[in-house]
Amino acid sequence: MPEFFNINVLTLNMSHIIAFVLLFAIMLIYFKIAGKYHIVNEPGVQSSHDYVTIRGGGIVFWAAGVLFTMMNLPQSLLFLLGFTLICGVSFWDDISSLSPWIRLVVQFVAVGIIVYDLDLPFSTPWWLILTMCVVSVGIINAYNFMDGINGMTGLNSLVILLSLQYVNQNVVAFTRPDFIIYAILSCLVFLFFNARKQAKCFAGDIGSIGIAFWIVALLLQLMRTTYETVWLLFLAVYGVDAVCTIVHRIFMKHNILKPHRLHFYQVWIQKTTCSHLFVSVIYAAFQLIICVIVIGLKDKMPELMLVSTLVGLLVALYTLKFQYEFNDIEAID
């Protein structure tokens with residue numbers, strides 16, 4: 001099939017164009033359904049928005065997974081099984097709140113399916129498999145915590161996926177290119193409706209958890225191929241904000257399971273005049289810089305030194321959050 005776009009990162013052919021159009025149509029159909037059954041986000045304590053918006057727009061990620069599987073039968077059936085399980089329970093939670101324990105059990109089962117699909121249980125110690133599953137579920141939930149403003153989930157996911165595609169095509173081939181391309185197409189469709197001053201839709205749990213699961217599956221494939229964990233830095237910006245916020249809330253003796261507005265991006269928006277999209281672009285830009293550094297330096301610097309340097313710099317930058325809060329207290333005094 002003819003190639004429409006090729007810059008050594010992304011190669012699109014006619015089947016990808018058709019998939020993009022189908023995903024766009026699926027989104028429009030979903031908006032009709034969501035409007036009819038009132039599947040919407042209301043402004044609340046954990047929300048950084050003050051208007052009602054359609055929830056669950058991240059269903060486009062699941063739809064992309066279905067289209068990818070249909071084009072790659074039967075190899076991708078286990079991925080679709082795990083993906084459907086985790087997206088299904090997440091969408092259920094979007095519509096009617098579920099117990100966190102039910103969500104966690106399904107998430108572990110879904111991640112376990114991916115680990116099994118990679119044949120890791122047959123070549124890896126049980127304790128390492130368990131650690132891998134716990135870390136993967138932690139990443140998926142941290143990704144969900146970071147989904148709070150327009151463009152955040154879509155832009156950061158797009159940066160990570162494009163970086164993975166570059167690695168797949170130019171560094172080491174670790175998966176089928178379409179496995180990344182279909183995820184990229186779904187991000188582009190989602191961003192069209194979400195990356196606006198007033199978003200048409202939000203991802204919902206089905207979106208943030210769904211795309212996180214897809215990215216985790218890709219990272220597991222990459223780490224299995226290279227035997228390197230440095231690729232986790234592709235999640236560094238999200239990881240630092242999520243972990244530092246949890247530590248901050250524990251220090252303040254908050255219930256970390258309750259909604260809040262203490263992530264750096266939330267404080268940034270509350271204490272400044274910066275728009276949602278501006279903050280999302282800055283987050284994505286920092287993640288892109290880190291991805292480029294990792295790809296460029298991973299063979300020139302010891303892995304531990306590279307990880308500690310980049311994470312240390314991000315944590316130092318994160319302290320700006322407390323400067324915003326301190327200034328606010330001084331103004332009140």
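The values are calculated or read from the model by the stated rules, or taken from the named source; none is laboratory data. Given the structure is predicted, the values throughout are model-derived calculations rather than measurements. Cβ atoms come from the backbone with ideal geometry, glycine included; neighbour counts cover every protein chain shown. What goes into the accessible areas is simple: the full protein's heavy atoms, side chains included, and nothing from ligands, DNA or RNA. Shrake-Rupley method; radii C 1.70, N 1.55, O 1.52, S 1.80 Å.
Considering the range 281-321 alone, what residues qualify as being basic (Lys, Arg), surrounded by 13 or more Cβ atoms within 10 Å (Cβ to Cβ) and not in a helix (DSSP H, G or I)? Working first, answer last.
Applying the first criterion (basic (Lys, Arg)) to the range 281-321 yields 298, 300, 321.
If we keep only those that are surrounded by 13 or more Cβ atoms within 10 Å (Cβ to Cβ) too, we end up with 298, 321.
Result: Lys298, single match.
Any chance you could count how many residues in the range 92-129 are open to solvent by 60 Å² or more (accessible area, probe 1.4 Å), small (Gly, Ala, Ser) and in a helix (DSSP H, G or I)?
So the answer is 0.
On the phi > 0 side of the Ramachandran plot and of a type in the set (Ser, Thr, Tyr) - does that describe any residue in the range 221-229? Steps first, answer last, please.
Start the filter on the range 221-229 by keeping residues that are on the phi > 0 side of the Ramachandran plot, which leaves 227.
Within this subset, residues satisfying the condition of being of a type in the set (Ser, Thr, Tyr) are 227.
Yes: one or more hits.
Residues that are within 21 Å of Arg176 (Cβ to Cβ) and not β-branched (Val, Ile, Thr): does the range 108-115 have at least one?
The first filter runs over the range 108-115 and keeps only residues within 21 Å of Arg176 (Cβ to Cβ), leaving 110-111, 113-115.
Filter again for not β-branched (Val, Ile, Thr), leaving 110.
Within the range 108-115, one or more residues are within 21 Å of Arg176 (Cβ to Cβ) and not β-branched (Val, Ile, Thr).
Can you pull out every residue in the range 259-280 that is of a type in the set (A, V, I, L, M, F, W, C) and open to solvent by 80 Å² or more (accessible area, probe 1.4 Å)? If you could, list the steps in order and put the result at the bottom.
As a first pass, look at the range 259-280 and keep what is of a type in the set (A, V, I, L, M, F, W, C): 262, 264, 267-269, 274, 277-279.
The answer is Phe278, and nothing else.
Would the range 41-54 turn up any residue that is at pLDDT 90 or above, assigned to a helix (DSSP H, G or I) and either under 20 Å from Phe24 (Cα atoms) or open to solvent by 30 Å² or more (accessible area, probe 1.4 Å) (or both)? It would help to see each step written out before you state the result.
The first filter runs over the range 41-54 and keeps only residues at pLDDT 90 or above, leaving 54.
Right, trim to assigned to a helix (DSSP H, G or I) and you get none.
Scanning the range 41-54 turns up no residue that is at pLDDT 90 or above, assigned to a helix (DSSP H, G or I) and either under 20 Å from Phe24 (Cα atoms) or open to solvent by 30 Å² or more (accessible area, probe 1.4 Å) (or both).
Within the range 247-258, is there a residue that is open to solvent by 40 Å² or more (accessible area, probe 1.4 Å) and among the charged types (D, E, K, R)?
First, pick out the residues of the range 247-258 that are open to solvent by 40 Å² or more (accessible area, probe 1.4 Å): 247, 250-258.
Next, only the ones that are among the charged types (D, E, K, R) stay: 253, 258.
Yes, some residue in the range 247-258 is open to solvent by 40 Å² or more (accessible area, probe 1.4 Å) and among the charged types (D, E, K, R).
Exactly one condition in (1) in contact (Cβ under 8 Å) with a residue 12 or more places away in the chain; (2) under 30 Å from Gln75 (Cβ atoms) is false for Met223; which is it?
Result: Met223 fails condition (1) only.
Can you tell me which residues in the range 164-178 are assigned to a helix (DSSP H, G or I), farther than 16 Å from Asn72 by Cβ and open to solvent by 10 Å² or more (accessible area, probe 1.4 Å)?
Listed by number, the residues that qualify are Tyr166, Gln169, Asn170.
Take the residues in the range 179-230 that are among the hydroxyl-bearing types (Ser, Thr, Tyr) and surrounded by 21 or more Cβ atoms within 10 Å (Cβ to Cβ), then tell me which one is nearest to the chain's Cα centre (by Cα). So that I can check it myself, show each step before the final result.
Step one: of the range 179-230, the residues among the hydroxyl-bearing types (Ser, Thr, Tyr) are 182, 186, 208, 225-227, 229.
Next, from what is left, pick out any that are surrounded by 21 or more Cβ atoms within 10 Å (Cβ to Cβ): 182, 186, 208.
Working: Tyr182: 15, Ser186: 12, Ser208: 6 Å.
Among those residues, the one meeting the criterion is Ser208.
If I filter the range 70-91 down to residues being farther than 18 Å from Gly112 by Cβ and at pLDDT below 95, which single residue comes out as least open to solvent (accessible area, probe 1.4 Å)? It would help to see each step written out before you state the result.
Narrowing the range 70-91 to residues farther than 18 Å from Gly112 by Cβ: 70-75, 91.
Filter again for at pLDDT below 95, leaving 70-75.
Details: Met70: 124, Met71: 117, Asn72: 23, Leu73: 101, Pro74: 91, Gln75: 112 Å².
Checked the range 70-91; the qualifying residue least open to solvent (accessible area, probe 1.4 Å) is Asn72.
Mind counting the residues in the range 145-163 that are part of a helix (DSSP H, G or I) and more than 8 Å from the chain's Cα centre (by Cα)?
9
State which residue is farthest from Phe234 (Cα to Cα) when the search covers only the range 91-140 and only residues that are without any contact (Cβ under 8 Å) to a residue 12 or more places away in the chain and of a type in the set (A, V, I, L, M).
The initial filter retains those residues of the range 91-140 that are without any contact (Cβ under 8 Å) to a residue 12 or more places away in the chain, namely 92, 96-99, 101, 105, 119, 121-128, 130-131, 134-135, 138.
The next check asks that each one be of a type in the set (A, V, I, L, M); those that pass are 98, 105, 128, 130, 134-135.
Details: Leu98: 30, Val105: 26, Leu128: 21, Leu130: 22, Val134: 18, Val135: 15 Å.
Looking at the filtered set, the residue picked out is Leu98.
For the range 243-294, name all the residues that are closer than 23 Å to Ile139 by Cβ and among the charged types (D, E, K, R). It would help to see each step written out before you state the result.
At the first step, the residues of the range 243-294 found to be closer than 23 Å to Ile139 by Cβ are 243-251, 254-268, 279-294.
Of everything in the range 243-294, those that are closer than 23 Å to Ile139 by Cβ and among the charged types (D, E, K, R) turn out to be Arg249, Lys258, Arg261.
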